[in-house]
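The values are calculated or read from the model by the stated rules, or taken from the named source; none is laboratory data. Just so it is clear, the structure is predicted and the values come from calculations on it, not from any experiment. With ideal geometry, Cβ positions are generated from the backbone for all residues, glycine too; neighbour counts draw on all protein chains shown.
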């Protein structure tokens, strides 16, 4: 695996040391792959990693990860930072993170809340107070894309012009998480929104903005939009929409749009007469899950929000109640 950021020499040396003592370092190599991408995308050129740089990476790594996954990555990052210090780089070492519980339940927006989010996105206006790097033009279409398709935020931000196929009604998506490529359908309303965004984006005086290899979502300077920037704006949007913000990584987060998309899609299919068991393989494909078992988690979320709907399937609810008795549960949302 090739690395190209300023950290690449240290990454190779670190891997070599781990392999010398018998470790395969496979997980470390993939972790470095993502860290390398982050450093390149954010034009970071210093090998002395400050707290500010670490916090930026942490926010970027957190937006599309489970708590347990984030914890693992923090441990790997901490070990690498300690190594960097031993070879002469003055790097920030974070305090040890408590191992999170695995019963975390994500926030699921109601349909009414999603309407409020869309309205707040549409109210955003670019004025003289915003610098040229602003992403305000991107947000209305990006938020709708995330809700309509259930994409992870970085999957959406990595979409390039060549990946959009309006004539065939799909987007080609590469997943950094599962290392797979899949086709994501575009419905008629989403196509209208994306075409409108592209028409405005193409008016920017930026070379090659329409080139096949250029990113779909760009700032006012033509640069790829960063996930941490989207997270900051999404926080402002939900506050303006009157949706309570829990904080402390409990959201609501941009990634919760993915959970919301899955739950709403499942409910829609069941209400249209589909057996709930038949929805799982469809949703697994929709979400880009390698293992359909990962999709079964959404049955519990759906049960919490739509008990009357799911109660029509007694085999499902009885097994869920047994499982829920073994875990801490709480209301996801108040409608």
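How many of the residues in region 1-11 are out of contact with any helix residue (DSSP H, G or I) (no Cβ under 7 Å at 6 or more places or on another chain) and either part of a helix (DSSP H, G or I) or in the same structural domain as residue 71 (by the TED database) (or both)? Write out each step before concluding.
Restricting attention to region 1-11, the residues satisfying the condition of being out of contact with any helix residue (DSSP H, G or I) (no Cβ under 7 Å at 6 or more places or on another chain) are 2, 9.
Restricting the remaining residues to those that are either part of a helix (DSSP H, G or I) or in the same structural domain as residue 71 (by the TED database) (or both) gives 9.
Number of matching residues: 1.
Given the residues 83, 14, 38, which is the only one that is more than 29 Å from residue 174 (Cα to Cα) and touching a helix residue (DSSP H, G or I) at 6+ places or on another chain (Cβ under 6 Å)? Write out each step before concluding.
On the way: 14 fails: more than 29 Å from residue 174 (Cα to Cα); 38 fails: more than 29 Å from residue 174 (Cα to Cα).
Answer to the selection: 83.
Hey, can you tell me all the residues within region 59-70 that are out of contact with any helix residue (DSSP H, G or I) (no Cβ under 7 Å at 6 or more places or on another chain) and under 27 Å from residue 16 (Cβ atoms)?
Residue satisfying the conditions is 69 alone.
Every residue in region 205-220 that is in a loop (DSSP other than H, G, I, E, B) and closer than 16 Å to residue 139 by Cβ, please. Let's see the steps before the verdict.
Let us first name the residues in region 205-220 that are in a loop (DSSP other than H, G, I, E, B), namely 205-214, 216-217, 219-220.
Within region 205-220, 216, 217, 219, 220 qualify.
List the number of the failed condition for residue 187; all other conditions in (1) in contact with a strand residue (DSSP E or B) (Cβ under 9 Å, 6 or more places away or on another chain); (2) within 24 Å of residue 108 (Cα to Cα) hold.
For residue 187, the failing item is (1).
Of all residues in region 13-28, how many are assigned to a helix (DSSP H, G or I) and surrounded by 15 or more Cβ atoms within 10 Å (Cβ to Cβ)? Talk me through it step by step, then tell me what you get.
Going through region 13-28, the residues assigned to a helix (DSSP H, G or I) turn out to be 13-20, 26-28.
Remaining after also requiring surrounded by 15 or more Cβ atoms within 10 Å (Cβ to Cβ): 14-15, 18, 28.
Qualifying residue count, region 13-28: 4.
Of everything in region 234-266, what is touching a helix residue (DSSP H, G or I) at 6+ places or on another chain (Cβ under 6 Å) and either assigned to a helix (DSSP H, G or I) or on the phi > 0 side of the Ramachandran plot (or both)? Give them in sequence order.
237, 240, 257, 261, 262, 263, 266 - these are the residues of region 234-266 that are touching a helix residue (DSSP H, G or I) at 6+ places or on another chain (Cβ under 6 Å) and either assigned to a helix (DSSP H, G or I) or on the phi > 0 side of the Ramachandran plot (or both).
So in region 152-169, with the set limited to residues that are at pLDDT 95 or above and part of a loop (DSSP other than H, G, I, E, B), which one is farthest from residue 224 (Cα to Cα)?
My answer is 169.
If you go through region 223-231 one residue at a time, do you hit one that is more than 17 Å from the chain's Cα centre (by Cα) and surrounded by 13 or more Cβ atoms within 10 Å (Cβ to Cβ)?
Yes, some residue in region 223-231 is more than 17 Å from the chain's Cα centre (by Cα) and surrounded by 13 or more Cβ atoms within 10 Å (Cβ to Cβ).
For the list (1) touching a helix residue (DSSP H, G or I) at 6+ places or on another chain (Cβ under 6 Å); (2) at pLDDT 90 or above, I need the number of the one condition that residue 210 fails.
(1)
Give the residue, chosen from 198, 238, 180, 206, that is within 19 Å of the chain's Cα centre (by Cα), over 24 Å from residue 56 (Cα atoms) and in contact (Cβ under 8 Å) with a residue 12 or more places away in the chain.
Numbers: 198 fails: within 19 Å of the chain's Cα centre (by Cα); 238 fails: over 24 Å from residue 56 (Cα atoms); 206 fails: within 19 Å of the chain's Cα centre (by Cα).
Going through 198, 238, 180, 206 in turn, just one is within 19 Å of the chain's Cα centre (by Cα), over 24 Å from residue 56 (Cα atoms) and in contact (Cβ under 8 Å) with a residue 12 or more places away in the chain: 180.
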